[in-house]
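Comments concern the structure below.
The values are calculated or read from the model by the stated rules, or taken from the named source; none is laboratory data. Note that this is a predicted model, so its numbers are computed, not measured. All Cβ positions, even for glycine, are placed from backbone atoms using ideal geometry, and neighbour counts span all protein chains on display.
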Amino acid sequence: MEDPARPAPLNPILKLALELGPLVLFFFMNQRAGIFTATGVFTVATVIALAVHYALARKLPMMPLVSGVVVVVFGALTLLLQDDLFIKLKPTIVNSLFGTVLLVGLYFRKSLLTIVLDSVFQLTEEGWRKLTLRWGLFFFFLAAVNEVVWRTQTTDFWVSFKVFGIMPITIVFALAQTPLIMRHDASEADGGPDDAARG
């Protein structure tokens, strides 16, 4: 029986809109008004998106929360110092942080992936270990890609890649993990009611 006081899970489409909305605004404002105005709008929109998410779900997933805090800090530094270096470093720092957390946790035999990704999967211990390793390395890959792009390309290209490049790469990577998730599905490993009846 569901707890009537507990808010229903956030609609996946709404959740995606709250996560992508600030990024889309960032892109369009950069095209129209430049990186500093775009950074200001991006920072405010991120705070609003987090507030709406919390108001609807009464909780904030780890990734958007940490990313949002870094956006506010580095967005403020970008505007105060009029230096776009800080907002360009934000993806590097966030992805490196998540990669470090996952791989250090794995070293100590702790899979922190469920916390980082707000995951609802039920995997075997081996499955979590493999998936955590893959995501940890992937986060470092994203950090490295961001460093290459912002250091070698124009600001406009970096903004476009941040909005329309990173997300497709992440989606493709996540979908590529489906076979691993299916192979190590703990619910199947435990067996269903029929297996229990035969045992």
Going through segment 87-111 in order, the residues found to be on the phi > 0 side of the Ramachandran plot and buried (at least 19 other Cβ atoms within 10 Å of the Cβ) are none
So, LYS162, is that one within 23 Å of LEU18 (Cα to Cα) and either of a type in the set (Lys, Arg) or surrounded by 14 or more Cβ atoms within 10 Å (Cβ to Cβ) (or both) or not?
yes
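Could we say that GLY136 is under 21 Å from PRO91 (Cα atoms) and among the small types (Gly, Ala, Ser) here? Step through it out loud before you land on a result.
Details: under 21 Å from PRO91 (Cα atoms): yes; among the small types (Gly, Ala, Ser): yes.
In short, yes.
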| message | Suppose the filter is in a helix (DSSP H, G or I), surrounded by fewer than 20 Cβ atoms within 10 Å (Cβ to Cβ), out of contact with any helix residue (DSSP H, G or I) (no Cβ under 7 Å at 6 or more places or on another chain) and of a type outside the set (Val, Ile, Thr); does ALA45 pass it? | response | no
task = For THR155, state whether it is β-branched (Val, Ile, Thr) and either within 26 Å of LEU25 (Cα to Cα) or modelled with pLDDT of 95 or more (or both).
result = yes
Only unsatisfied item for ALA51, checking (1) under 20 Å from THR154 (Cβ atoms); (2) free of Cβ contacts under 8 Å to residues at least 12 places away in the same chain; (3) among the aliphatic types (A, V, I, L, M), is (1)
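Here is a yes/no grid of residues against (1) at pLDDT 95 or above; (2) under 24 Å from MET182 (Cα atoms); (3) surrounded by fewer than 16 Cβ atoms within 10 Å (Cβ to Cβ):
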| site | (1), (2), (3) |
| --- | --- |
| TYR54 | no, no, yes |
| ARG58 | no, no, yes |
| THR78 | yes, no, no |
| LEU81 | yes, no, yes |
| LEU85 | yes, no, yes |
| LEU113 | no, yes, no |
| SER119 | no, yes, no |
| ASN146 | yes, no, no |
Checked pairs for segment 159-186, first within 17 Å of ASN146 (Cβ to Cβ), second in a helix (DSSP H, G or I) and not β-branched (Val, Ile, Thr), C-beta under 6 Å and 6 or more apart or across chains, list as VAL159/PHE27; VAL159/ASN30; VAL163/LEU23; VAL163/PHE27; PHE173/PHE138
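Only one of VAL163, VAL101, VAL70 is farther than 25 Å from LEU175 by Cα, touching a helix residue (DSSP H, G or I) at 6+ places or on another chain (Cβ under 7 Å) and either part of a helix (DSSP H, G or I) or at pLDDT 95 or above (or both); which? First the steps, then the outcome.
On the way: VAL163 fails: farther than 25 Å from LEU175 by Cα; VAL101 fails: farther than 25 Å from LEU175 by Cα.
Going through VAL163, VAL101, VAL70 in turn, the sole match is VAL70.
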Sole miss for ARG58 among (1) more than 24 Å from GLY165 (Cβ to Cβ); (2) touching a helix residue (DSSP H, G or I) at 6+ places or on another chain (Cβ under 6 Å); (3) charged (D, E, K, R) is condition (2)
The number of residues in segment 157-184 that are under 15 Å from LYS88 (Cα atoms) and in contact with a Leu (Cβ under 8 Å, 6 or more places away or on another chain) is 3
